[in-house]
Amino acid sequence: MNSALESLLALLDLERIEQDIFRGVSHSSVVPRVFGGQVAAQALVAAGRTVPDDRTAHSLHAYFLRPGDPGAPIVYTVDRIRDGRSFTTRRVVAVQHGQPIFHLSASFQTYEEGLDHQAEMPASPDPETLPTAAELLPRYADAFVDPVVVDRLLETRAAVDLRYVDAPPYGTVGQPREPRSQVWFRTDGKLADDPLLHVCLATYVSDMTLLDSVLLAHGRGGWAVGDVVGASLDHAMWFHRPFRADEWLLYDQESPSAAGGRGLGQARIFTQDGRLAISVIQEGVVRVPRDEVRRDEARRDHG
């Protein structure tokens, strides 16, 4: 296990300050606010620590309310909504500076047998044949206005081995393409067998690349390239089957719509042997300068 993964695991090991109140800290991010995947993962950790061990997370629904301050602790308050015979529901509110910045509802279930079918896993190359972030990012250093961004991206993603199947958004500036993207990911080191830990780490990674597919349709380049302003609005995940975050997972992503200053991303996460493990949907703010919006509209109107 590398030091970056150790640091991430420490980040998810929240301090319990009361029975249902936890406190977490933040890592630095490429943008001057708390990374949304971190807040979602920490909130799920807080919820999971109030649930019996025989119940695993099967869904979460979350709203990002305010930008988080990376320099201040985050307090997570858990509300025990329901403890049923099969399902447990928790609500978590994350607070900074006296204001809520994030809200999550999560549901947990005891294991049971039932009907079973799934969507087929799409074709994708062996992840071991794809370039690592350390190999890929320097190739596109010229795409970033500030070259320091490359170092920051490498730093923030050092705990996770994330590999793009095709060119990333920052490698296709000015070249619109189909709004689909695939990445393979796994933690850069082995993890304990705690199912909650694997679910929380997948939640953390799920916010890294999903809205990239929105930008691909417009050749916008990426959140750290040019003048696109983006932020997550809401996030939902369904955990269908067991998986390990330290084994390769295929994140198959697409954007069915962008309108009104918002973009929608949806995705499926498969294990390497083809099992559908997770479904994800996220909407985010996607803003570009108004004059560029007018130019895009004119191009569409006049072919």
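The values are calculated or read from the model by the stated rules, or taken from the named source; none is laboratory data. Fair warning: this is a prediction, and the values are worked out from it, not measured in the lab. Note that we place each Cβ from the backbone using ideal geometry, even for glycine, and neighbour counts take in every protein chain shown. Only protein heavy atoms, including side chains, enter the accessible area calculation; ligands, DNA and RNA are left aside. Shrake-Rupley method; radii C 1.70, N 1.55, O 1.52, S 1.80 Å.
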* To do: Just give me the residues in region 98-125 being aromatic (Phe, Trp, Tyr), within 27 Å of Leu250 (Cβ to Cβ) and either within 22 Å of the chain's Cα centre (by Cα) or assigned to a strand (DSSP E or B) (or both), in sequence order.
  => Phe108
* Structure fact -> With the first residue restricted to region 274-287 and required to be over 14 Å from His61 (Cα atoms) and modelled with pLDDT of 95 or more, and the second required to be hydroxyl-bearing (Ser, Thr, Tyr) and outside any loop (DSSP other than H, G, I, E, B), Cβ contacts under 8 Å at 6 or more apart or on different chains are Ala277/Thr271
* Report, by residue number, each residue of region 13-52 that is at pLDDT 95 or above, more than 20 Å from Pro242 (Cα to Cα), of a type in the set (A, V, I, L, M, F, W, C) and crowded, with 17+ Cβ neighbours inside 10 Å. => Leu14, Phe22, Val39, Ala43, Ala46
* For region 53-73, enumerate the residues that are farther than 15 Å from Gln99 by Cβ, at pLDDT 95 or above and open to solvent by less than 60 Å² (accessible area, probe 1.4 Å). => Arg55, Ala57, His58, Ser59, Leu60, Ala62
* Single unsatisfied condition, Pro122 versus (1) closer than 25 Å to Ser279 by Cβ; (2) surrounded by 15 or more Cβ atoms within 10 Å (Cβ to Cβ); (3) touching a residue at least 60 places away in the same chain (Cβ under 8 Å); (4) not small (Gly, Ala, Ser) -> (2)
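Can you tell me how many residues in region 249-261 are more than 16 Å from the chain's Cα centre (by Cα) and either in a strand (DSSP E or B) or surrounded by 19 or more Cβ atoms within 10 Å (Cβ to Cβ) (or both)?
Total satisfying the criteria: 4.
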* Verdict on Ser206 being open to solvent by less than 20 Å² (accessible area, probe 1.4 Å), modelled with pLDDT of 90 or more and either assigned to a strand (DSSP E or B) or among the hydroxyl-bearing types (Ser, Thr, Tyr) (or both) -> yes
* What pairs come up if the first residue lies in region 7-22 and is touching a residue at least 60 places away in the same chain (Cβ under 8 Å), the second is open to solvent by less than 40 Å² (accessible area, probe 1.4 Å) and in a strand (DSSP E or B), and their beta carbons are under 7 Å apart, counting only those six or more places apart or on different chains? -> Leu14/Phe22; Leu14/Gly24; Leu14/Tyr76; Asp20/Val78
* Asked: Is it true that Val51 is closer than 16 Å to Phe22 by Cα and assigned to a strand (DSSP E or B)?
  -> no
* **When residues of region 74-97 are limited to those that are open to solvent by less than 70 Å² (accessible area, probe 1.4 Å) and assigned to a loop (DSSP other than H, G, I, E, B), the one farthest from Asp20 (Cα to Cα)** => Ser86
* Pairs under 8 Å by beta carbon, first residue assigned to a strand (DSSP E or B) in region 154-170, partner modelled with pLDDT under 85, six or more apart or different chains? -> Arg163/Leu136; Tyr164/Leu136
* To do: Determine if region 262-281 includes at least one residue that is closer than 24 Å to His103 by Cβ and not in a strand (DSSP E or B).
  => no
